[in-house]
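*Asks:* Take a look at this one; I'll ask things after.
Only the coordinates and a few stated rules stand behind these numbers; no lab work does. Remember, it's a predicted structure, so these values are computed and weren't measured experimentally. Positions of Cβ are backbone-derived with ideal geometry, glycine not excepted, and every protein chain shown enters the neighbour counts.
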């Protein structure tokens, strides 16, 4: 009896996390009518740009080539994995997601990310096992 | 003069010296535990913890003077080459906390010495550029700071495991390979 209760709670929590990400994606979809693609998101994730100081930088530079693994900041602090499969808290809170998009898009792309890019990026991360 | 026959006077002397030793002993045997007089005071603020340790260790506010914290918090969009911007309310709350606990507002000796080592017209953003820091690390080679296990002089916790709690005593330093 207890085991099924635990499983039910876990399922509910996972379902809730998924529901949050789904609603975040729905928000971006309003400005990206063509839909999202994990493949495009993967290209976006690894695409390098020259940052303000001329360094070749991509999302992967700090978050790691594999989003299911940890990353490292330029100040040597470990970053917990981005992929929800490895880190279920990720991509569930819109304010947090937007905070990091605002900062990191500015650093990597020198501009805000579009809704299309955000949606593709999240779709890719959700696909990573 | 004749020395005493009984052990009593010797025992008394032993007792007096032991008592004096205990009374004069201090906790400051080099261990920078929270009780140590040398450790910086442990301070806390939920937004500071939440927002200021995602990308680097949590630097004790007593490691920089007020003017440095104000300058840093006023330029978060270019925070050591990265965008760390915050909403105005959060930024102001954290700034107030940092200023209240800055090196020139902290009684601990280490903080006072650090603050005094900075010329009044300088506003350092990097703790590692202060004269106090350079003096304290003058026996540490640049090679050590470049090791993969350390990274840079900004990574205090690599060698000072208690850094986030304000503990920097030399006796507790362990330099990784």
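*Asks:* Determine, for B:58, A:13, B:63, the number of other Cβ atoms within 10 Å of each Cβ, and report the residues in order from fewest to most.
*Replies:* Numbers: B:58 16, A:13 11, B:63 26.
Fewest to most other Cβ atoms nearby, the residues stand as A:13, B:58, B:63.
*Asks:* Next question. With a ≥ b ≥ c taken as the square roots of the eigenvalues of the C-alpha gyration tensor of segment A:10-129, please select rounded if a/c is under 1.5 and otherwise prolate if a/b is larger than b/c or oblate if it is not?
*Replies:* Values: a/c = 1.84, a/b = 1.28, b/c = 1.44.
Here segment A:10-129 falls in the oblate category.
*Asks:* Choose one answer from B:100, B:78, B:62: the residue with the largest mean-square fluctuation in a GNM of chain B with alpha-carbon springs under 10 Å.
*Replies:* Comparing B:100, B:78, B:62 in the GNM, the peak value goes to B:78.
*Asks:* For helix A:2-29, report the angle its Cα long axis makes with the longest principal axis of the Cα atoms of chain A; keep it between 0 and 90° and round to the nearest 10°.
*Replies:* 40
*Asks:* Of B:92, B:104, B:138, which has the largest mean-square fluctuation in a 10 Å C-alpha GNM of chain B?
*Replies:* Answer for the Gaussian network model of chain B: B:138.
*Asks:* State, as an integer percentage, the relative contact order of segment A:70-116 based on alpha-carbon contacts under 8 Å between residues 6 or more apart.
*Replies:* Values: 27 pairs, mean separation 8.2, N = 47.
Rounded, it is 17 percent for segment A:70-116.
*Asks:* Specify the angular offset, from 0 to 90 degrees and rounded to the nearest 10, of the alpha carbon long axis of helix A:115-127 from the longest principal axis of the alpha carbons in chain A.
*Replies:* The two axes meet at around 50 degrees.
*Asks:* In addition: Peptide B:45-58: average number of partner chain Cβ atoms within 10 Å per residue? Provide the component values of the computation, followed by the final result.
*Replies:* On the way: counts 0, 0, 0, 0, 0, 0, 1, 0, 1, 8, 9, 5, 3, 1.
Averaged over the peptide's residues, the number is 2.
*Asks:* So what's the angle, to the nearest 10 degrees on a 0 to 90 scale, between helix B:88-100 and the longest Cα principal axis of chain B?
*Replies:* It works out to around 30 degrees.
*Asks:* Most fluctuating residue of A:60, A:68, A:19 in a GNM of chain A with Cα springs under 10 Å: which is it?
*Replies:* Highest fluctuation among the options: A:19.
*Asks:* Partner chain Cβ atoms within 10 Å, averaged over the residues of A:52-64 - can you pull that number for me? Present the calculation step by step, with values, prior to reporting the outcome.
*Replies:* Working: counts 4, 1, 0, 1, 0, 0, 0, 0, 0, 0, 2, 0, 0.
Per-residue shielding by partner chains comes out at 1.
*Asks:* Here is a follow-up. Divide by every residue of the protein assembly as shown the summed helix terms, -39500 (n - 2.57) for each DSSP H run of at least 4, and state the resulting mean residue ellipticity at 222 nm, rounded to the nearest 500 deg cm²/dmol. If you can, show how the numbers build up before the last one.
*Replies:* On the way: 12 runs with 134 residues, N = 306.
Mean residue ellipticity at 222 nm (helix-derived): -13500 deg cm²/dmol.
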